[in-house]
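Trainee: Questions regarding the structure given below will be posed in turn.
The values are calculated or read from the model by the stated rules, or taken from the named source; none is laboratory data. Because the structure is predicted, anything quoted here is derived from the model rather than measured. As a convention, Cβ positions derive from the backbone with ideal geometry for all residues, glycine included, and neighbour counts pool all protein chains shown.
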Amino acid sequence: MDGGSATAKVCGTKPAGLAEDDAPADAPAIDFTSHVGHDPEGHATLSLLVEGAHCGGCVARIERALAARPEVTHGRLNLTTKRLAIAWSGPDEAAAPIVKSVTDLGFGVVPYDPTQMDDSEQRDQRRLLRCTAVAGFAAANVMLLSVSVWAGAAQGMEEGTRAFFHWLSALIVLPAVAYAGRPFFASALAALKAGHTNMDVPISLAVLLASGMSLAETMRGAEHVYFDSAITLLFFLLIGRFLDRRARGRARSAAHRLLALAARAITVVGEDGRQTVLPPGKVRQGMTVLVAAGERVAVDGVVTAGRSDLDTSLITGEMVPAAVGPGERIFAGMLNQTAPLTVTVSAIGDDTLLGEIVRLMEAAEQRKARYVAIADRISRLYAPAVHALAAAAFLGWMLLGGIAWQPALLIAVSVLIVTCPCALGLAVPAVQVIASGRLMRGGTLLKTGTALERFAQVDTVVFDKTGTLTVGRPSLDPASAGSPEVQALAVSLAAASRHPLSRALVRALGPGRAADGVREVAGFGLALETPDGEVRLGRRDWCSTTGSGTGDGDDATGPELWLARPGAAPHCFRFEDALRADAADVVAKLQARGLGVEILSGDRPAAVAAVAAAVGIDRWTAATTPADKVARLETLAAEGRRVLMVGDGLNDVPALAAAYVSLSPSSAIDISQTAADAVFQGRLLAPVVEVLTVARRAGSLVTQNFALAFCYNLIAVPIAMAGWVTPLVAAVCMSSSSLVVVGNALRLAGRRTAASR
């Protein structure tokens, strides 16, 4: 690639997640300059999707390479989202040499596109699924042949028949291993090229050596071969790899969905009044844009014309739409509900409030990405130790035992198989599967591999208010319903509107038919001309009242609608967001366990105070922004607290990602569910207590499983190195250790973990 060219042909680079067998023979050149943007300081910016970065070491290598370039002012790779954000001083054409500094390290890059990332993840998962299917098919058929050989050995099977079965097994297994083993072989080869090992190296060696030795034994007419061990081992490992990839893909997609929320075409109004639809990257500060009714706002800006109601729940958590008009600020992510708005752009893309939420979330996920599971920490020493033991067995028997290389290699293969990290690898997943199944039957879905371990260590629970402690939907206070005449008149106006409060009024007092001639005044309410004068249903100030009417709402902690009629006192309809039925009970149980409980909400202080008092929580904070919530969680973490965050809105997403562990109700928006470590269903909060109970029990079982796995290795490894174990017996021992670990995990399924305890 020409360092001075703006068009980069990245050699060996393919779109992220593209399988080797799907890669084009000659990938087209990528014009990175066309994807360059600019920040408020005038720096050129570029977001790239990096393929091949799997660990903190990869992140460090890329960031060091970028830091070494004097023009680069910022270079940060998020390992969870694979998004590399670069900023530099200089011309846009500098994109090509900067990208080359990354590709020279062996990483593939393409311009960042959340949609493409989702597609690439699906391609990777399909590839793993194909490999798993091939290995499973081969394992099933070869096992049938092996059973025939084992049965025949006891009944005098002729040597020719046994040889035929061995050759038939070879014809099935060798192509299957070559195809299905590619995910492990490629990972092991990449690790070796980088000068280190990983758990895929001993796995690859065991599979290849067992297959190779079995072929050699078949060629010389030996009695025992080990094709079944090789392909069955590969099959079970592929299942685990596929499930792990699915879990990681779900964890990555939260920030992608946030970015996709703003990645929509924008209608720009020119000075001559012409409307032009532009992609977000072409919109600049100071432009005038049109936001149609029903459209989600894609920029931060100031309203210059029009009045409307905005659904701000994704940003603030408020359930009631906010009325806006000329001179008021609006933010990307809000939903325009009732009338068109003309807006002057003040920020676009990463500089918007939505972009800030994305940055907060990515920073929080990056901190969580540094969390390493126990099995991963052990594997750093485990793989080299296995290699050393196998090599010692091979050399020891050849040099000191005085035997030929073939039996010495068989002993080394036995060591590799008997020490294969299946039991160690199942120590956590087996418990996770059982615990996940138990929680799923109770309506809770675990979404991340380390969630159980972190749930077990929680000592503080932080709740959002709206949609979490409450049901998240306004309901009419029956005490403010008024007379039948008032109710009928209000319903005749409210039935003509889709406003949440109007719909709540109709639900409570209806059904009713909308009166003819009702008009909606955006940002204010509903009006109807009658022979006696105008009737209004809407905001307090628009209905010309200071709160002196019937059903006075001055002391209301929730939203309200006022009905103004000619010749009658105004009437106030008060609304409330009802608590979840067991909210107070769940809070009491958490506090009884010694856990700290508090509320962080973007709602008004009066509303938050009322809910806190109702459920028995002393510490609460109202009117918080997403950054405020993250700051509070960081303060708690600095105090040594391990916080469970329970929330449901877009304004909770950074907090859900920043918390030690997080939980979201199924009624939450998709992005919040994706960011959370677990999602619970139903109208009750009881799953919050249940998941903590199950997690603590699961933690003790994981510890027991690690102890069992190590005890197995302490016994099996010396026996295998002594030459008393054939590869076939080693495979049986390895499988038996896995069954013991799974059996121990099954104890969780039969133990009562009721939320009432």
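Trainee: Tell me, please, whether a residue that is buried (at least 22 other Cβ atoms within 10 Å of the Cβ), at pLDDT 90 or above and touching an Asp or Glu at 6+ places or on another chain (Cβ under 9 Å) can be found in region 569-587.
Mentor: The answer is yes; a qualifying residue exists.
Trainee: Something else about it: Checking Leu445 against (1) within 30 Å of Asp309 (Cβ to Cβ); (2) not in a helix (DSSP H, G or I), which test does it fail?
Mentor: Unmet condition: (1).
Trainee: Being crowded, with 22+ Cβ neighbours inside 10 Å and in a helix (DSSP H, G or I) is the filter here, so list the residues in region 217-231 that pass it.
Mentor: The answer is Phe227, Asp228, Ser229, Ala230, Ile231.
Let's see how each residue does on (1) without any contact (Cβ under 8 Å) to a residue 12 or more places away in the chain; (2) among the β-branched types (Val, Ile, Thr); (3) in a loop (DSSP other than H, G, I, E, B); (4) at positive phi:
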position	(1), (2), (3), (4)
Ala496	no, no, yes, no
Ala515	no, no, yes, no
Gly523	no, no, yes, yes
Leu526	no, no, no, no
Asp541	yes, no, yes, no
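Trainee: Taking Gly443 as the residue in question, decide whether it is surrounded by fewer than 20 Cβ atoms within 10 Å (Cβ to Cβ), of a type outside the set (A, V, I, L, M, F, W, C) and under 25 Å from Ala657 (Cβ atoms).
Mentor: When the stated conditions are applied, Gly443 passes them.
Trainee: Continuing with this model, one more query. Inspect region 473-480 for any residue being over 15 Å from Arg683 (Cα atoms), touching a Gly at 6+ places or on another chain (Cβ under 6 Å) and not assigned by TED's automatic domain parsing to the domain that holds Leu633 and give the result as yes or no.
Mentor: Yes, some residue in region 473-480 is over 15 Å from Arg683 (Cα atoms), touching a Gly at 6+ places or on another chain (Cβ under 6 Å) and not assigned by TED's automatic domain parsing to the domain that holds Leu633.
Trainee: List the number of the failed condition for Ile403; all other conditions in (1) of a type outside the set (Lys, Arg); (2) at pLDDT below 75; (3) part of a loop (DSSP other than H, G, I, E, B) hold.
Mentor: Of (1) of a type outside the set (Lys, Arg); (2) at pLDDT below 75; (3) part of a loop (DSSP other than H, G, I, E, B), only one is false for Ile403: (2).
Trainee: Related question: So, Val277, is that one touching a helix residue (DSSP H, G or I) at 6+ places or on another chain (Cβ under 8 Å), at pLDDT below 85 and not in a helix (DSSP H, G or I) or not?
Mentor: Considered against the rule, which asks whether it is touching a helix residue (DSSP H, G or I) at 6+ places or on another chain (Cβ under 8 Å), at pLDDT below 85 and not in a helix (DSSP H, G or I), Val277 comes out as no.
Trainee: In this structure, does Ala178 turn out to be surrounded by fewer than 18 Cβ atoms within 10 Å (Cβ to Cβ) and modelled with pLDDT of 90 or more?
Mentor: yes
Trainee: For region 599-628, which positions are assigned to a helix (DSSP H, G or I) and either touching a residue at least 40 places away in the same chain (Cβ under 8 Å) or farther than 25 Å from Val679 by Cα (or both)?
Mentor: Of everything in region 599-628, those that are assigned to a helix (DSSP H, G or I) and either touching a residue at least 40 places away in the same chain (Cβ under 8 Å) or farther than 25 Å from Val679 by Cα (or both) turn out to be Pro605, Ala606, Ala607, Val608, Ala609, Ala610, Val611, Ala613, Val615, Pro626, Ala627.
Trainee: While we're here: For region 476-493, what are the residues that are surrounded by fewer than 16 Cβ atoms within 10 Å (Cβ to Cβ) and touching a strand residue (DSSP E or B) at 6+ places or on another chain (Cβ under 8 Å)?
Mentor: Answer for region 476-493, where residues must be surrounded by fewer than 16 Cβ atoms within 10 Å (Cβ to Cβ) and touching a strand residue (DSSP E or B) at 6+ places or on another chain (Cβ under 8 Å): just Ala479.
Trainee: Within region 434-450, is there a residue that is at pLDDT 85 or above and not assigned by TED's automatic domain parsing to the domain that holds Ala522?
Mentor: There is no residue in region 434-450 that is at pLDDT 85 or above and not assigned by TED's automatic domain parsing to the domain that holds Ala522.
Trainee: Oh, and also: Do the conditions hold for Arg252, that is, is it under 30 Å from Ala176 (Cβ atoms), part of a helix (DSSP H, G or I) and either within 26 Å of the chain's Cα centre (by Cα) or at pLDDT 80 or above (or both)?
Mentor: Spelling it out, it is not the case that Arg252 is under 30 Å from Ala176 (Cβ atoms), part of a helix (DSSP H, G or I) and either within 26 Å of the chain's Cα centre (by Cα) or at pLDDT 80 or above (or both).
Trainee: Further question on the same structure: Taking Asn705 as meeting all but one of (1) exposed (fewer than 15 other Cβ atoms within 10 Å of the Cβ); (2) modelled with pLDDT of 70 or more, write down the number of the exception.
Mentor: Answer for Asn705: the failing condition is (1).
Trainee: If Asp244 satisfies all but one of (1) closer than 30 Å to Pro384 by Cβ; (2) modelled with pLDDT of 80 or more, what's the number of the condition it fails?
Mentor: Of the numbered conditions (1) closer than 30 Å to Pro384 by Cβ; (2) modelled with pLDDT of 80 or more, the odd one out for Asp244 is (2).
Trainee: Looking only at region 541-555, which residues are modelled with pLDDT of 85 or more and surrounded by fewer than 19 Cβ atoms within 10 Å (Cβ to Cβ)?
Mentor: Across region 541-555, the qualifying residue is only Trp542.
Trainee: Of all residues in region 455-493, which are of a type in the set (Ser, Thr, Tyr) and farther than 15 Å from Val688 by Cα?
Mentor: Of everything in region 455-493, those that are of a type in the set (Ser, Thr, Tyr) and farther than 15 Å from Val688 by Cα turn out to be Thr466, Ser475, Ser480, Ser483, Ser492.
Results for (1) touching an Asp or Glu at 6+ places or on another chain (Cβ under 6 Å); (2) buried (at least 17 other Cβ atoms within 10 Å of the Cβ); (3) at pLDDT 80 or above, shown as yes or no for each residue.
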residue	(1), (2), (3)
Ser667	no, yes, no
Ala675	no, yes, no
Val679	no, yes, yes
Arg683	no, no, yes
Val689	no, yes, yes
Arg696	no, no, yes
Leu701	no, yes, yes
Phe710	no, no, no
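Trainee: Name the residue, out of Ser214, Ser229, Ser187, that is small (Gly, Ala, Ser) and either at pLDDT 80 or above or on the phi > 0 side of the Ramachandran plot (or both).
Mentor: Within the list Ser214, Ser229, Ser187, the selection yields Ser214.
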